[in-house]
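These notes are about the structure you will find just below.
The values are calculated or read from the model by the stated rules, or taken from the named source; none is laboratory data. Here the structure is a predicted model, which means the values were calculated and not measured. Please note: Cβ atoms are built from the backbone with ideal geometry, for glycine as well, and neighbour counts cover all protein chains shown. Just the protein is used for accessible areas: all its heavy atoms, side chains included, with ligands, DNA and RNA removed. Shrake-Rupley method; radii C 1.70, N 1.55, O 1.52, S 1.80 Å.
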Amino acid sequence: MKFSKFIVLTALVVTAGGAAFAAYSYVGQWGSRGSGNGQFQDPMRAEISTANGYLYVADSRNHRIQYFTPAGAYVGKWGSEGAGNGQFREPTGVAVAPGGRVYVADRRNHRIQYFTQTGSFLGKWGTEGAGNGQFKQPRGVAVAPNRNIYVCDTDNHRLQYFTASGSFLGAWGGGGTGNGQFNKPRELAVNSTGRVYVADADNNRVQYFNPSGSFLGTWGGGGTGNGQFDRPHALDVARTSGYVFVVDTRNERIQYFNGSGSFLGKWGSRGAGQGQFNDPRGLGVTSDGSYVYVVDKGNRRVQYFRSSSVAVAPASLGRVKALFK
């Protein structure tokens, strides 16, 4: 209980300025090491379906997708190791379209596969290479409001985007540190207006673009301070507020920002306790931002957190401390 209160207090005191905002406190967790239902081997990414409310998790080293209720009850799974339809080789990214169609970045098969929300195979595209529609270890996939599909083509250091059935539409990027360049982009998310946010992991930053790839802005830089990152591996956007949640992997924490990168809050530290992380790699955020699910890879579990609207400014720290005595 004390640790949960510490998380809330930490989120309050790190906020810049005097405005109140939603802090996040620990609610629960599930998972352990293994290959049984609800167990994980290197879980990597997650996304919440707006169609059925389930959380879909890319269980990478078990070569499958598992899905759960919002409270973590196991519902179903699909996949096995291989290159056939519906098989995977270390799936790393997962995204769910508004109608429930599930897209999977099938990393070591260098392709995207898509399924019904219960795992029936619908289609696929991609082969290994650097041409349009080809991939080299794609790790992230996202669905835009217009249902176009965006892919982090990680080892080609670029983004590509497609129609819902995989027809090539465009690409941008290339290796480097300049605006619009990438160094192993790991995941991306698209907000309600079509703005594309990218976890440019090895450049220790987030970049964002218009739907066709025109550069709009960036934030980050290597370090441990607020708004700095050490290998940000994943992010997601709360569609209602536009807040951007970033998995700051090697700093073992979650940070969140407004849509242009202003720091709002953070939580987490290294460990195996409640609200602690060991090599976190993914997260899923509800549309209203009320719940955040974190894929805690090294601890082989999913933890989830709830927002609380706290009408206390940092200037009132004494009153906040009094609440937790």
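Observations on the model:
- Accessible surface of the range 98-242 [probe 1.4 Å, protein heavy atoms]: carbon and sulfur percent: 41
- Mean residue ellipticity (222 nm) of the chain, computed from DSSP H runs ≥ 4 via -39,500 (n - 2.57), nearest 500: -1500 deg cm²/dmol
- Where Thr249, Thr118, Thr240 fall by accessible area, highest first, once all protein chains stay in place (1.4 Å): Thr240, Thr118, Thr249
- For the range 88-221, the per residue solvent-accessible surface stands at 33 Å², with DNA, RNA and ligands left out and a 1.4 Å probe.
- Cα gyration tensor, the range 86-151 - rounded (a/c under 1.5), prolate or oblate: oblate
- 3J(HN,Hα) along the range 139-145, derived from phi through the Karplus expression 6.51 cos²θ - 1.76 cosθ + 1.60 where θ = phi - 60°, amounts to 10, x, 9, 8, 10, 7, x Hz, with x in place of Gly and Pro.
- Taking 7 Å steps out from each Cα toward its Cβ at Ala71 and Thr50 produces label points 2.6 nm apart.
- Dimensions in Å of the range 163-211 - Rg and Dmax from alpha carbons: 11.4, 32
- Point-charge dipole on Cβ atoms (K/R +1, D/E -1) for the chain, about Cα centre, debye to 20: 600
- Neighbour cut-off at most 13 other Cβ (10 Å), DSSP loop, trypsin sites (Lys or Arg not before Pro), the range 129-179: Arg147
- Label corresponding to volume of the Cα convex hull per residue in Å³ when calculated from the structure given, among [x] 130; [y] 203; [z] 110: [z]
- Here's how it looks for Tyr243: its modeled amide H is under 5 Å from those of Ala238, which are all 5 or more places away or on a different chain.
- Dimensionless Rg/Rh of the range 237-316 - Kirkwood Rh, Rg from C-alpha atoms: 0.97
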